[in-house]
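No lab work stands behind these numbers, since they all come straight from the coordinates. Only a predicted model underlies this, so the values are computations on that prediction, with no experimental measurement involved. Glycine gets a Cβ as well: all are built from the backbone with ideal geometry, and neighbour counts include every protein chain shown.
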Amino acid sequence: MNAPLRELTYAQAIQEALATAMEADKRVFIMGEDIGVYGGAFQVTGDLVHRFGEDRVMDTPISELGAAGIAVGAALAGSRPILEFQFSDFATLAMEQIVNQAAKMRFMLGGKVSVPLVMRLPSGSGTGAAAQHSQSLEAWLAHVPGLKVVQPSTPHDAKGLLLAAIDDPDPVMVFEHKLLYKMKGEVPEDAYRVPIGKAAVRREGRHATIVATSIMVHRALEAAEVLAGEGIEVEVIDLRTLRPLDTATIIESVKKTTRLACVYEGVKTLGIGAEISALIAESEAFDYLDAPILRLGGVDSPIPYNPVLEKAAVPQTPGIIEQVRNLVKGRI
Amino acid sequence: MPIEVILPKVDMDMATGKIAKWHVKDGDAVRKGALLFEIETDKAAMEIDAPGDGIIRNITAAEGAIIPVGQTVALIYQDGESAAAPAAPEPLPPVKPITPAPRPDAVPTAVLPAASASGRFPATPLARRLAKQGGLALESIAGSGPRGRISAADVHGALARPAAPQHAEPGSYQVTPLDGMRRTIAQRLTLSKQTVPHFYLTVNCDLTRLSEIRERLNAHAPRDERKLPVWKLSINDFIIKAMASALRQVPDANVTWADEAIHKYHSCDVGVAVAVEGGLFTPVVRAAESKSLPQISMEMKDLAARARARKLLPSEYQGGTTTISNLGMFGIEQFTAIINPPQATILAVGAGLERFVPVKGQSVLRTQMTCALSCDHRAVDGALGAQLLAAFKTFIEEPALMLA
Amino acid sequence: MAKPVAAAKSEAASNQRPFYKQFTPEQLKEALRRMCLIRRFEEGAEEAYMRGLIHGTMHLSIGQEASAVGATMALRKTDYITSTHRGHGHCIGKGADPKLMFAEFFGKEEGYCRGRGGSMHIADVESGNLGANGIVAGGIPIAVGAALAIKQQKRDDVALCFFGDGATNEGAFHEALNMASIWKLPVVFVCENNKYGMSVSTERSMAVANVADRASAYNMPGVIADGNRIEDVAEAVTTAIARAREGQGPTLVECKTYRTRGHSRSDRNRYRTKEEIEEWKLRDPIGHFETELVANGIATADEIAAISAAADAEIAAGIDFARNGTDPSPNDVTRGVYTPGNPS
């Protein structure tokens, strides 16, 4: 049991999950642009092509829409495709297949089929890749019934959530954060699963709850650490899954802390924070609120290239500290 | 934030009003001062003007409907503001937040005109629930949050205080429901007295020279066509000018407290408490250090008259770093006043009284006025407050220095 | 219109086309039965619609029965098809029961999609139909994906993909054909070119004269068939299926045909002439096939009349069945969105 602590990067953890799934199940294969000998734009697939061959680690032409449709068809016909989009932004080219086909196929056919596919979407800003390679579109897809959307924030969850996604009989969109690929963390060697639809309480507190996603979990934890030095104890919830949403964990936390801040990288307007806020406003936690709900999300702008502007476009730790402090001190 | 257009109280005993006629419609551009609507009371019709420039939206009160005083009836959006936001779900007392106040004219004052009389109070859901469980009425609790919002801590505080003493049996007293102004005064001054660390400085000012100069100046006042003087300087006008001059001389005291910062102002804006039926207003004389005494006098006369008629615009009673409260006309010798947050000081002015004072070993009869300066120790320390008050005393006793 | 390959061929038994030998007389009569069922199904659907018995809209394929049946008659049950918004014929061709299709049409629990799909999504999954698609070209990559799965699983099945001329102007068509070709997948692309993408003619919307011409860009055979002649369609598709099963990759078959009804119920036929419609009605695929069956000595006129009457009766019974079906409960509105037993 007491296996020595092993650290992997987030990218390595994903690769390990892919290898684990392909070893365990012949139906599983991965496809995407430059995932073969190139190893993937972010070196996530690495040398998997050498271990599993070109039939199971398939380079596709630059045809996102077609590739997504092929994944849908293969899933319908008994295979277990995992499609890597080189950047989540490119999934916009495949929206038809994701939204009209993958998400709706089971429902339209009266529940008589399943579409067990996984799409991996490297997302987020901070790499200087500008407006068309930096978006956080997870809320778009989370808005579509029929899809499941997860956002791992740690190497541990990157592996566990991906394995759970591959097991799942319905289409699962895995939004990975590009800035996290090199992050190291403890990753058990066994084929463990992190359940879809379960948030994680990363830090307990009693003065405010931060519900955060992906890289914002780490910024929220940094903020919580600083605020703890001021006597403000912040509970940090890592949402992990956007759909289905773990409403119970959020509601219970807000009932305890009486204050809620939502921190996410996607555009604030009409985004995840709006959903979480409305969830609380509609729930029994409403009567426990002792302050307005705070949303910290991306600004209403494409992600800029200039590094100062790029940082200003999405929540950063100092801003989280300041705003959550104001929240707890009754200034907003 | 859009500017709220409320149904103002235009009559003393008015709790509700009726809009007789709208002169604008949703989407119209309005200029500050333009006629918006007419209110009908049982005595007269009143015309209500726009409190600011912008586009009028969210007209929620129909002609003929009976509306509680203080309720928002429309919003005025400035350029670039989204008009998509619905009208505020409940009328809030138009108190601006205490926190960041980048410009003097955005600084809130303690006392405000007719606010909500609809019986609704901003409170967090938790505070509402706690108050209900504790058997406390929300109106009995002073809200410490932005716009007077009551939080759980406020309710806990209220619950921890001993219950109000029981008065004689019902029927032996008359119950006056609180109006918005009374409630605002209660909330704001409770907040001040509970959270602002006050200290007090007192000084006697000799009015001999000031009285002489005042008489001479008044004697030389220009006359209008009816041969009446165009202005008549009061002692209070000199006090306003002296306080502004003192602030200019001691600029570190020309400040407001903003929690995370102290804001120091370039202009010396002096509020003056004006008693009105049922409460008080504090209209602000802006940049009083740069105005002549007749200017201040005429401006103050206009502000006081409009305060009593409750026709001040929010911009006319918001801001300032200090307030002058003068109760001399009631013969009060001296008193101390409660600071209007976020201002840092308030000057309590007593009556000018003749006193024997020692002058070179002789007992001489002089007219003196006792002034007490209340300071917020967070923003103004003892020595700084003393410098300010000393400067004030100098300007009162040597008014000619105000010309320098 | 390009010249149909077999239009001028003799119908004499001595000069019999391979079609009549490739299939048994039973299979050929079954093909006629299915064509009749398609025709009657759509006429019945149209009538039910006009009587206000069903809501929504529908896209009728009356006039295109030969391509639907001719393309599916060489398929096995384990082969897949993907279909289109004009898919009633494909569904019946692949073996669906019109009674359960009507139940779907009427929005009933007994329907193929439990009333959740309606006309545009009717599909009998059990018979290998991966769904009728409301998105033009939506099914093309899906068919290629199914063919990829077949290849991965080392089966000798094929995926046959129906789509219209309009779909060939979508990017999905080109991406899917390219990948099917580079990976040599067992897929048959069957384009039912009925001359109009809703109202815009192929002349106005396509840079090439024939859909089949587009095959050369993807290094696969492009074959033109007379879509109103079942023997023409079936021969072309049979060859393509055989090729696919042998691992030689995809074929694009273009069936030149015509829908005699409008695009959907709201079509007022402003973009084509009455004369054109009447001209095509004279080339009725069912009438042609009946004549051929008699001429080839496969069926008698009486047998054909019996097939037709049986189809009438089956459709009437199907409508009755559907009308008496069970309406879904509003409590079940989200049923089928996710697979039960998993987090959702």
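Among C:LYS256/C:LYS281; A:LYS178/A:LYS311; B:LYS32/B:LYS311; B:LYS32/B:LYS241, which pairs are too far apart, with a Cα-Cα distance over 18 Å?
On the way: C:LYS256/C:LYS281 14 Å; A:LYS178/A:LYS311 15 Å; B:LYS32/B:LYS311 14 Å; B:LYS32/B:LYS241 29 Å.
From C:LYS256/C:LYS281; A:LYS178/A:LYS311; B:LYS32/B:LYS311; B:LYS32/B:LYS241, over 18 Å: B:LYS32/B:LYS241.
Taking every full run of DSSP H in chain C, the ones that stretch at least 18 Å from end to end by Cα along their long axis and average -1.0 or higher on the Kyte-Doolittle scale are C:25-50, C:139-152, C:230-245, C:301-323. Our coupling estimate for the range B:126-142, obtained by passing each phi through the Karplus curve with A = 6.51, B = -1.76, C = 1.60 and θ = phi - 60°, is 5, 4, 4, 5, 5, 5, 5, 4, x, x, 9, 7, 4, 5, 8, 10, 8 Hz, Gly and Pro reported as x.
Which is the longest run of chain B containing none of the GluC sites (Glu not before Pro) found in DSSP loop states (not H, G, I, E, B) with at most 14 other C-beta atoms within 10 Å?
Values: sites that count: B:GLU63, B:GLU225, B:GLU260, B:GLU277, B:GLU333.
Between the exposed loop sites, the longest stretch runs B:64-224.
Relative contact order, whole percent, for chain B stands at 15, derived from Cα pairs under 8 Å and 6 or more residues apart. The alpha carbons of chain A give a radius of gyration and a Dmax of 19.6, 59 Å, in that order.
Computed from phi, the 3J(HN,Hα) profile of the range B:66-81 under the Karplus parametrisation 6.51, -1.76, 1.60 (θ = phi - 60°) reads 8, 10, x, 4, x, 6, 5, 10, 6, 10, 10, 9, 7, 3, x, 7 Hz, with x in place of Gly and Pro.
Dividing the mean sequence gap of close Cα pairs (under 8 Å, 6+ apart) by how many residues the range C:25-317 holds gives a relative contact order of 22 percent.
Past 24 Å, Cα to Cα: identify those pairs from B:LYS193/B:LYS291; C:LYS21/C:LYS94; A:LYS104/A:LYS255, in the order given.
Numbers: B:LYS193/B:LYS291 32 Å; C:LYS21/C:LYS94 21 Å; A:LYS104/A:LYS255 36 Å.
Violating the 24 Å Cα-Cα cut-off are B:LYS193/B:LYS291; A:LYS104/A:LYS255.
Angle between the Cα long axis of helix B:293-308 and the longest principal axis of chain B, 0 to 90 degrees, nearest 10? Helix B:293-308 sits roughly 30 degrees off the main axis of chain B.
Computed about the Cα centre, the dipole magnitude for chain A is approximately 420 debye when only Lys and Arg (+1) and Asp and Glu (-1) carry charge, each at its Cβ. Here's how it looks for A:MET31: its modeled amide H is under 5 Å from those of A:MET58, A:ILE82, A:LEU83, A:GLU84, which are all 5 or more places away or on a different chain. When the alpha-carbon atoms of the range C:283-344 are used, the pair Rg, Dmax equals 21.6, 61 angstrom. Distances between placed amide hydrogens fall under 5 Å for B:LEU327 paired with B:VAL349, all partners being 5 or more residues away or on another chain. C:ALA236 sits among other residues whose Cβ lies under 13 Å from its own Cβ, and their net charge, with Lys and Arg +1 and Asp and Glu -1, is -2.
In this structure the amide hydrogen of B:GLN368, modeled in the peptide plane, comes within under 5 Å of the amide hydrogens of B:LEU207, B:LEU353, B:GLU354, B:ARG355, none closer than 5 places in sequence on its chain. For the range B:345-394, trypsin sites (Lys or Arg not before Pro) are listed when DSSP marks them as loop and at most 11 other Cβ atoms sit within 10 Å of their Cβ; the list is B:LYS360. Note on chain B: GNM, Cα springs under 10 Å; of B:THR176, B:THR60, B:THR184, the largest mean-square fluctuation is that of B:THR176.
So if I place +1 on the C-beta of Lys and Arg and -1 on the C-beta of Asp and Glu, and nothing else carries charge, what would the dipole magnitude of the protein assembly as shown be about its Cα centre? I want it in debye, nearest 20.
2400
With a ≥ b ≥ c taken as the square roots of the eigenvalues of the C-alpha gyration tensor of chain C, please select rounded if a/c is under 1.5 and otherwise prolate if a/b is larger than b/c or oblate if it is not? Spell out each step's value before the answer.
Details: a/c = 1.36, a/b = 1.10, b/c = 1.24.
Note, shape of chain C comes out rounded.
Its Kirkwood hydrodynamic radius, worked out from the mean inverse distance over all distinct Cα pairs, puts the protein assembly as shown at 35.5 Å. Across the range B:185-194, coupling constants 3J(HN,Hα) worked out from phi with the 6.51/-1.76/1.60 Karplus curve, θ = phi - 60°, read 4, 4, 5, 6, 7, 5, 4, 5, 5, 7 Hz, and Gly and Pro carry x.
In chain A, taking the dipole from charged Cβ atoms about the Cα centre, the farthest positive-side position among A:GLN323, A:ALA131, A:ILE82 is held by A:GLN323. Using a 10 angstrom cutoff on alpha carbons, build the Gaussian network for chain C and name the most mobile of C:ALA66, C:ALA306, C:ALA316. Of the options given, C:ALA306 has the highest mean-square fluctuation.
If you take the square roots of the eigenvalues of the alpha-carbon gyration tensor of the range A:200-328 and sort them as a ≥ b ≥ c, do you get rounded (a/c under 1.5), prolate (a/b over b/c) or oblate? It comes out oblate by the Cα gyration axes. Would you please classify the overall shape of the range C:217-287 from the alpha carbon gyration tensor, given that a ≥ b ≥ c denote the square roots of the eigenvalues, rounded means a/c under 1.5, and beyond that prolate means a/b larger than b/c while oblate covers the rest? Cα axes put the range C:217-287 in the prolate bin. Counting Lys and Arg as +1 and Asp and Glu as -1 over every other residue whose Cβ lies under 12 Å from the Cβ of B:ALA379, the net charge comes to -2.
For helix A:10-24, report the angle its Cα long axis makes with the longest principal axis of the Cα atoms of chain A; keep it between 0 and 90° and round to the nearest 10°. The helix A:10-24 is inclined about 40 degrees to chain A. Averaging the sequence gap over all C-alpha pairs within less than 8 Å and six or more residues apart, then dividing by the number of residues, gives the range B:320-404 a relative contact order of 24 percent. Springs between alpha-carbon atoms under 10 Å, Gaussian network over chain A: tell me which of A:SER153, A:SER214, A:SER277 tops the mean-square fluctuations. Top of the fluctuation ranking is A:SER277.
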